[in-house]
Amino acid sequence: MEYLLDSFKEAIYLLLSFDKDVLQASRVSLWVAFTSTIISTFSGVPIAFLISFRNFSGKRILITVLNTLMALPTVLIGLVVYAFLCRRGIFGSFGFLYTPWAMIIGQVVLATPLICALTVATLEGVDRTIERTAVTLGASRFQSMLALAQEIKVQIIAAVIAGFGRVFAEVGISIMLGGNIRFYTRNITTTIALETSKGEFSRGIALGLILLFFAFTINVIFQVLSGRSRITGRSFIGA
Amino acid sequence: MKKVFIFIIALLISCSGNPVVLKMASTTSIENTGLTDILVSSFKEEYDIVLYVIAVGTGKALELGKNGDVDLVFVHAPDLEKKFVKEGFGVSRRMVMFNDFVIVGPESDPAGVKNAKNVTEAFKKIMEKRCTFVSRGDNSGTNIKERYIWKRIGVEPAGPWYIEVGQGMGNTLNIASEKKSYCLTDRSTFYALEKSIDLQILFEGDSILVNPYHIIAVNPEKFSYVKYREAKIFIDWLTSEKGQKLIGDFKRNGKQIFHPYIDLNRD
């Protein structure tokens, strides 16, 4: 128990002393997770709309598959992507393995199905009146989709937050595809793994607390954003 | 569209950065002691070559070399290394340093390992008393040495007393400490963790337990893109007086961790 207290002290100390390892790891964690979340959002959400707006045979099965992919283990993604990125793999010549780009690729594979499935779930449950109204008012198919997207903005943001949380906290992909290289691909979670293996438990927990601190800050930002969008959403409908 | 374009440009720039980057697969036992950090920064200062260290077990490190994913490997399993070189994957193999393996366990020493005459007798005692033994079980250099000793006794260790954890040396020692078990470890990692775990060195000094570390460059004839020239610079630097002195001076908790191998640097 004692070392939990020590870890709190250490976390505060690490943050205030601008420890170089912690700063670099935070930087890697943040930009890799942000980039992969953005890519996952711009691929996952449109796919969700495509699936939801079209009626085709096998749609149910596709959605079930999508939901299953939410349970993809990170080590499996790590292994499969490794097979593609290693020098003997199809994309080996790019030399992506053990770079932050490899981590991003793995994390996109992780987050896209998650964001997509959650958006599909929202779209399946939402009242489609606004979309039909938009169509009767002469909107194109694309415009009506946008109107609907505006309507479920908060839920989409929730899906994006969930995706971000998943990639920000994962360690399997980062360690297998990034290689845990100091100051380059070592992020907060892989540092925790390393510190644990070195027996530095309190430092590991301290880093965990720092990770949660970042996650909290980011969620506050998202909260503010989604709050604002709700207001603009209302005024949009009002207008 | 513009975003995608910027992304691609950024990608290209990141691939053709200025200082040369070398990738080296090394073992967790070196990384956990902190020696790699010191080597990386001193080498960068002198040659402006960035060394990226990927710390994995020896088995995986050699596998990465065979796949051409790294430029160098820094490992400790002589038989596997020789095979690696013989199969044409590695060149310029040099001895860099050595330390030794030790048997650690709980202070009470229920198997009486302390009084063993040699390491095989120590292992036999642990097995006969069915005392818990934690094995790396990950095909690392340490694991290979351990299996070699079991083989010398002529047994295939199995049963509830024999735990294979499949993790790095540090984690394995933590598990051994929690379970009050015996464990074969390299001395360096043990010293690095000594303060936070409840284990003691119970057996040491058998000549079988010597643990040499070699560095090997990945053969540029197999993989044309590996940076052999820079890899060779690092190998020469590491085995030079300067590199060897860095290794010899490296201490954790006031104890020397690795012994430089300067006299034997010949193929």
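Derivation of every value follows stated rules applied to the coordinates shown; laboratory data play no part. Bear in mind that the values here come from a model prediction, so they are computed numbers and not experimental data. Reconstructed Cβ throughout: ideal geometry from the backbone, glycine too, with neighbour counts over all protein chains shown.
Take the Cα atoms of region B:28-83, find their three principal axes, and give me the spread along each one in whole Å, biggest first.
Principal-axis extents of region B:28-83 (Cα, largest first): 34, 24, 16 Å.
Taking the beta-carbon count within 10 Å as an exposure proxy, list B:His76, B:His259, B:His214 from fewest neighbours to most.
Working: B:His76 27, B:His259 15, B:His214 22.
Going from sparsest to densest Cβ surroundings: B:His259, B:His214, B:His76.
Rounded to the nearest 10 degrees, what's the angle between the helix B:35-47 long axis and the longest principal axis of chain B, both from Cα atoms, 0 to 90?
20 degrees
So what is the calculated 222 nm ellipticity per residue for the protein assembly as shown, using -39500 (n - 2.57) for each DSSP H run with n of 4 or more, over all residues, to the nearest 500 deg cm²/dmol?
It comes out at -18500 deg cm²/dmol, rounded to the nearest 500.
Measure of size requested: the Rg and Dmax of chain B, with Cα atoms as the atom set and Å as the unit; please supply both.
Rg, Dmax (Cα atoms, Å): 20.2, 73.
Holding the Cα-Cα limit at 20 Å, pick out from B:Lys60/B:Lys82; B:Lys23/B:Lys251; B:Lys83/B:Lys145; A:Lys198/B:Lys232 the pairs that are longer than that.
Details: B:Lys60/B:Lys82 15 Å; B:Lys23/B:Lys251 25 Å; B:Lys83/B:Lys145 16 Å; A:Lys198/B:Lys232 30 Å.
Pairs exceeding the cut-off: B:Lys23/B:Lys251; A:Lys198/B:Lys232.
If you look at just the Cα atoms of chain A, how large are its Rg and its Dmax in Å?
When restricted to Cα atoms, chain A yields Rg and Dmax of 20.7, 67 Å.
Which is farthest toward the positive dipole end of the protein assembly as shown among A:Phe96, B:Trp237, A:Thr112, measuring Cα position about the Cα centre, with Cβ charges +1 (Lys, Arg) and -1 (Asp, Glu)?
Working it through, the farthest residue towards the positive pole turns out to be A:Thr112.
Among DSSP bridges having both ends in chain B, what percentage is antiparallel? Round to the nearest 5.
DSSP beta bridges in chain B are roughly 60 percent antiparallel.
If every alpha-carbon in the protein assembly as shown counts as one equal scatterer, what log10 I(q)/I(0) does Debye give at q = 0.06, 0.08 1/Å?
Taking Cα atoms of the protein assembly as shown as identical point scatterers yields -0.35, -0.60.
Quick one: of the DSSP bridges fully inside the protein assembly as shown, what percent are antiparallel, nearest 5?
Values: 23 of 39 bridges.
Given both bridge residues lie in the protein assembly as shown, the antiparallel proportion sits at roughly 60 percent.
Kindly provide the Kirkwood hydrodynamic radius of region B:144-205 in Å, to one decimal, from all pairs of distinct alpha carbon atoms.
That comes to 12.7 Å for region B:144-205.
Below 8 Å, C-alpha to C-alpha, sequence gap of six or more: please give me the relative contact order for chain A in percent.
Values: 287 pairs, mean separation 75.1, N = 239.
Result for chain A is 31 percent.
By how many degrees, 0 to 90 and rounded to 10, does the Cα axis of helix A:188-197 deviate from the longest principal axis of chain A?
The angle comes out at about 40 degrees.
What does the convex hull of the Cα atoms come to per residue for region A:29-79, in Å³? Working shown, then result.
Details: hull volume 4.5 nm³, N = 51.
Measuring per residue, one finds 88 Å³ for the Cα hull of region A:29-79.
With a cap of 13 neighbouring Cβ atoms within 10 Å, and only residues DSSP puts in a loop, list the GluC sites (Glu not before Pro) found in region B:98-179.
On the way: sites: B:Glu107, B:Glu121, B:Glu128, B:Glu146, B:Glu164, B:Glu178; in loops: B:Glu107.
Within region B:98-179, the qualifying GluC sites (Glu not before Pro) (loop, at most 13 other Cβ atoms within 10 Å) are B:Glu107.
Could you list B:Tyr228, A:Tyr184, A:Tyr13, B:Tyr182 in order of exposure, starting from the residue whose Cβ has the fewest other Cβ atoms within 10 Å? Mind dumping the intermediate values first?
On the way: B:Tyr228 20, A:Tyr184 17, A:Tyr13 12, B:Tyr182 29.
So the residues, fewest neighbours to most, are A:Tyr13, A:Tyr184, B:Tyr228, B:Tyr182.
Compute the long axis of helix B:228-239 from its Cα atoms, compare it with the longest principal axis of the Cα atoms of chain B, and write down the angle in degrees, 0 to 90, nearest 10.
With both axes taken from Cα atoms, the answer is about 50 degrees.
Pairs of alpha-carbon atoms within less than 8 angstrom and 6+ residues apart define the contacts here; what relative contact order does region A:88-178 have, in percent? Please report the intermediate quantities before stating the final value.
Numbers: 56 pairs, mean separation 44.8, N = 91.
Over region A:88-178, the number comes to 49 percent.
Under 8 Å for C-alpha pairs, at least 6 residues apart: give me the relative contact order for chain B, rounded to a whole percent.
Numbers: 491 pairs, mean separation 72.6, N = 267.
This gives 27 percent for chain B.
To make sure I understand, if each residue's beta carbon is the centre and we count other beta carbons within 10 Å, what order do B:Ser92, A:Ser93 fall in, fewest to most?
Values: B:Ser92 18, A:Ser93 9.
Taking fewest neighbouring Cβ atoms as first place, the list is A:Ser93, B:Ser92.
How large, in Å, is region B:19-121 by the Kirkwood hydrodynamic radius built from its alpha-carbon pairs?
Numbers: mean 1/r = 0.0630 Å⁻¹.
One decimal place: 15.9 Å for the Kirkwood radius.
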